[in-house]
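Have a look at the structure below, then the notes.
The values are calculated or read from the model by the stated rules, or taken from the named source; none is laboratory data. Please read all numbers here as calculations on a predicted model, not as lab measurements. Heads up, the Cβs are rebuilt from the backbone with ideal geometry, glycines too, and the neighbour counts pull from every protein chain shown. Calculation scope for accessible area: heavy atoms of the full protein, side chains included, ligands and nucleic acids excluded. Shrake-Rupley method; radii C 1.70, N 1.55, O 1.52, S 1.80 Å.
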Amino acid sequence: LRFGANLVTYKFKPKSKLREFVGEKFMALNAFTALIVILLIFIFIFKESLPIFTNSDVRKEAGISRMVFKQQYYEGRDPKWSWQPNSEVPKYSLLPLFLGTLKAAIVAMLFAVPLAVGAAIYSSEFAPPRIREIIKPVIELLAGIPSVVLGFFALIVLATVLQKMFGFTYRLNAINAGMALGLAIIPTVYTIAEDAMTSVPKSLREAAMAVGANPWQVSFTMVLPAALPGIAAGIVLGFGRAVGETMIVLMASGNAAIISAGFTESIRTLSATIAAELAEVVFGSAHYNVLFFIGTLLFVFTFLVNLGGELVLARIKERFQGRTR
Amino acid sequence: VNGATKDAVMNSTLANLGARRKSSGTIPKSLTVLAVIIIVLMLGVILANVILGGIGIISWEFLTSPPEHGMEAGGIFPAIFGTVALVFLMVMTGVPVGVLTAIYLHEYTQPNSKITRLIRIGINNLAGVPSIVFGLFGLGFFVGFVGRGIDSALFPGAGPVWGQPAIIWAAMTLALLTLPVVIISTEEALKTIPSELKDASYALGATKLQTIARVILPRAMPGIFTGAILAISRGAGEVAPIMFTGVAYYLPYLPGKLNDQFMELGYHIYVMATQSPDVEKTRPILYGTVLVLLVLTFLLNFVAIFIRSRLRMRRIHG
């Protein structure tokens, strides 16, 4: 009898409804971490940049108009856009930083997109299975290189090679930083573009073949146009990454905040400015607030880019799956 | 559309195709091959450069002794130790959250429900937040808010105890950054578990929680390991998020407490490459450090890829 009683308790004790309930709710709480963190990131970064809008002293020194419009800093001199937060008269124009970020990202895209999309077309359309099995790990390997190592390579090796080849006046410049940045975003663009092409329904390919298209016509007149929105999403997501990437541009761009149209001069990007200056900034100063404001801009920008990219990809997935069914 | 128009359209399509048929697409095809070759070559050049530049200095002594003479001599042991301690704490704080998230998404919610979609949007967007923004967040939230909060509650009047850059804050910042990797990897593994196994467990009278703990989790272990390894490989290479949350260029001691600062390989590379007073003298050590970091991340990646491919085989062969 005693043994039986034990058996009964053993069987029924773990079936506690409370435990099931608590277990599920605990997991749900964890599942919301990602969402909550996104929210917290925005709150805590934006909070530190609030004085730019609310504190009159900070506003006078580094308000929005100070960041956007030309400023006359000295009597009798021309007004200009300038980022010199540590000078006697602190200057907080974001324009040189925007320009630098844009230059680096443009070079990165010009360098990375043809290579990544080309490689994606090859491995999705033409590569024999065995070669395809080699390309994927190679891209994963490239994605696995830490950005600080790419920055190191651009700073020590690539900059010297490029300067010797093209005779740049400045060793560290937008082209050097942009190329290294391109290496970092090739895996992003490649993976999404390849995915977009392989997920084009077989029925579409077969239809094209049925009307007499040869393999390359199927690829370039049927698959590529059908996958174009996906490839575009990959390019946009790659651009978002290029804008947010920090270590590469911090090490390889020369970090000079200048306004110029040329790509052979040094640049300073938004992300690198935060990385380079936050460590030495006085806690709670206008400079500190501006750096967090730059962080807010980066966060909002990448958030919107990612959201847009995700929505496009989700819609494509739905459309293709709907057709095959 | 009437029959005549249809025929006309078909004819023009066929004529178009016929006209284009002459080209077999050799040029665009070879351009795509060229793209692959360029990518492989660039990867090869980077790897060769780092290996050739760094292999000479790698020795037992280099790996186990501290830096000397302002990084111009000695080894990188404190940076290796700090990196390992950092990713260990990151895994301990981040992986459980990621695993529970994946289980909740896969076992408790409908794949297309609003909640699942919302959480997924959150995860995907978290994966896209720039690492420097994570650094700002770690400083503002962990160091400033949580750390200073603990200080003012438990150690009023004393100097900063937790409200300063520390290895635990850096690890937790990295844990959030690598959370999406863990979630996606665990979900991959959950998808490979046949539903018959779960049905059998329920048929024996097990509850959902018991099924998760005794049937699903053990089977998902390889996927969870893969996620943890990928997270480590990613976290070990990130510098921007730890810059303001706990890393130091040089410390005469190893981190022993959760609120100590620490040295780290990636940051070591950054400072040596950009702020060294004598680049020529520190160059061998710089290359050696890069090689160690690269070998570490690649080894981890290989292990993860290996486990994952075995997982995929299992899914195919049942």
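Go through segment A:98-144 and report how many residues are open to solvent by 60 Å² or more (accessible area, probe 1.4 Å), within 21 Å of A:ALA177 (Cα to Cα) and within 8 Å of chain B (Cβ to nearest Cβ).
Adding up the residues that qualify gives 1.
Within segment B:272-305, track down each residue that is out of contact with any helix residue (DSSP H, G or I) (no Cβ under 7 Å at 6 or more places or on another chain) and not in a helix (DSSP H, G or I).
Within segment B:272-305, B:PRO277, B:ASP278 meet the criteria.
Could you please find all residues in segment B:247-271 being in a helix (DSSP H, G or I) and either among the basic types (Lys, Arg) or more than 9 Å from every other protein chain (Cβ to nearest Cβ) (or both)?
Across segment B:247-271, the qualifying residues are B:HIS268, B:VAL271.
Pick from A:SER147, A:SER199: which is hydroxyl-bearing (Ser, Thr, Tyr) and surrounded by fewer than 24 Cβ atoms within 10 Å (Cβ to Cβ)?
None of the other options fit; the residue is A:SER199.
Only one of these conditions is not met by A:GLN72: (1) more than 30 Å from A:ARG132 (Cβ to Cβ); (2) within 14 Å of chain B (Cβ to nearest Cβ); (3) open to solvent by 50 Å² or more (accessible area, probe 1.4 Å); (4) not charged (D, E, K, R). Which number is it?
A:GLN72 satisfies every listed condition except (2).
Has segment B:71-91 got any residue that is surrounded by fewer than 20 Cβ atoms within 10 Å (Cβ to Cβ) and among the hydroxyl-bearing types (Ser, Thr, Tyr)?
no
Testing A:PHE301 on (1) away from chain B (no Cβ under 11 Å); (2) in contact (Cβ under 8 Å) with a residue 60 or more places away in the chain; (3) part of a helix (DSSP H, G or I); (4) open to solvent by 50 Å² or more (accessible area, probe 1.4 Å), one condition comes back false. Which one is that?
(1)
Can you tell me which residue in segment B:93-122 is nearest to the other protein chains (Cβ to nearest Cβ), limited to those that are open to solvent by less than 10 Å² (accessible area, probe 1.4 Å) and under 15 Å from A:GLU310 (Cα atoms)?
B:GLY122
Within segment A:187-204, does at least one residue satisfy the condition of being closer than 19 Å to A:LEU142 by Cα and either free of Cβ contacts under 8 Å to residues at least 40 places away in the same chain or in contact with a strand residue (DSSP E or B) (Cβ under 8 Å, 6 or more places away or on another chain) (or both)?
yes
For B:ILE167, which of the numbered conditions (1) touching a Leu at 6+ places or on another chain (Cβ under 8 Å); (2) surrounded by fewer than 23 Cβ atoms within 10 Å (Cβ to Cβ) fails to hold?
That leaves (2) as the condition not met.
Among the residues of segment B:144-154, are any more than 9 Å from every other protein chain (Cβ to nearest Cβ), surrounded by fewer than 23 Cβ atoms within 10 Å (Cβ to Cβ), charged (D, E, K, R) and part of a helix (DSSP H, G or I)?
yes
Might you let me know whether segment A:150-172 holds any residue that is open to solvent by less than 40 Å² (accessible area, probe 1.4 Å), in contact (Cβ under 8 Å) with a residue 40 or more places away in the chain, within 27 Å of the chain's Cα centre (by Cα) and over 30 Å from B:LYS281 (Cβ atoms)?
no
Among the residues of segment A:177-189, write down those that are open to solvent by 10 Å² or more (accessible area, probe 1.4 Å) and more than 14 Å from the chain's Cα centre (by Cα).
The answer is A:MET179, and nothing else.
If A:GLY118 passes every condition in (1) assigned to a loop (DSSP other than H, G, I, E, B); (2) modelled with pLDDT of 80 or more but one, which one does it miss?
(1)
Taking into account only those residues within segment A:40-95 that are in a helix (DSSP H, G or I), touching a residue at least 60 places away in the same chain (Cβ under 8 Å) and more than 30 Å from B:GLY122 (Cα to Cα), which is nearest to the chain's Cα centre (by Cα)?
Among those that are in a helix (DSSP H, G or I), touching a residue at least 60 places away in the same chain (Cβ under 8 Å) and more than 30 Å from B:GLY122 (Cα to Cα), it is A:LEU95.
Need the failing condition index for B:THR101 against (1) polar (S, T, N, Q); (2) in contact with a strand residue (DSSP E or B) (Cβ under 8 Å, 6 or more places away or on another chain); (3) over 23 Å from B:TYR253 (Cα atoms), just the number.
Just one mismatch for B:THR101, condition (2).
Please indicate, with yes or no, whether at least one residue in segment B:51-70 is within 14 Å of chain A (Cβ to nearest Cβ), open to solvent by 40 Å² or more (accessible area, probe 1.4 Å) and modelled with pLDDT of 85 or more.
Yes: segment B:51-70 contains one or more residues that are within 14 Å of chain A (Cβ to nearest Cβ), open to solvent by 40 Å² or more (accessible area, probe 1.4 Å) and modelled with pLDDT of 85 or more.
Looking at segment B:188-210, which of the residues that are in a helix (DSSP H, G or I) and within 11 Å of chain A (Cβ to nearest Cβ) is most open to solvent (accessible area, probe 1.4 Å)?
So the residue we want is B:LYS208.
Considering each residue of segment A:254-290, count those that are more than 18 Å from A:GLU61 (Cβ to Cβ), out of contact with any Ser or Thr (no Cβ under 8 Å at 6 or more places or on another chain) and within 14 Å of another protein chain (Cβ to nearest Cβ), and give that number.
Number of matching residues: 2.
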